[in-house]
Amino acid sequence: HKHGVYCFSTSLGNPFPKIIHLPLYVGKAAPQYLNERFENYFSEGNSHKGRKKIVMMLNKYRNNLFFWWAELPRVRVDAVEEHLLMCCHPPFNTVFHDKVKLWGKAFD
């Protein structure tokens, strides 16, 4: 029952070590909690009304999908998510933020 950011990833497989992962999707849990967002994805993956890219990710990587998270104070969640999106540019995200705006925030 905490706010934070999360990432779905997949391991790259041979010839790469198992510890190397590719971020597939980055999201935030605010105003919802991390456990609620995680549960949402289970229902979305089995729904014909789910977001197309998310349903594709959940089904394509079903046997090799990892969920990572970081608990954060609610006030930091948006900025951390925006920076992760800018740095990782995950293939299953559809919304990306203005880089100029983000760099300005870094010096606030």
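The values are calculated or read from the model by the stated rules, or taken from the named source; none is laboratory data. Remember, it's a predicted structure, so these values are computed and weren't measured experimentally. We work out accessible area using only protein heavy atoms, side chains counted, and drop any ligands, DNA or RNA first. Shrake-Rupley method; radii C 1.70, N 1.55, O 1.52, S 1.80 Å.
Numbers below:
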quantity: Approximate shape of segment 15-55 as ellipsoid semi-axes (Cα gyration tensor, √5λ), whole Å, largest first; calculated: 24, 16, 9
quantity: Segment E71-C87, extension gain: residue separation times 0.36 nm, minus the distance between their alpha carbons; calculated: 3.9 nm
quantity: Rg ratio (alpha-carbon, reference 2.2 N^0.38 Å) - the chain; calculated: 1.12
quantity: Ellipticity estimate at 222 nm from DSSP helix runs (n ≥ 4, -39,500 (n - 2.57)) divided over the chain, nearest 500; calculated: -12500 deg cm²/dmol
quantity: Of all accessible heavy-atom area on segment 35-93, the percent that carbon and sulfur account for (1.4 Å); calculated: 58
quantity: Above-threshold pairs, the threshold being 23 Å between Cα atoms, out of K28/K53; K28/K52; K2/K28; K18/K49; K18/K53; calculated: K18/K49; K18/K53
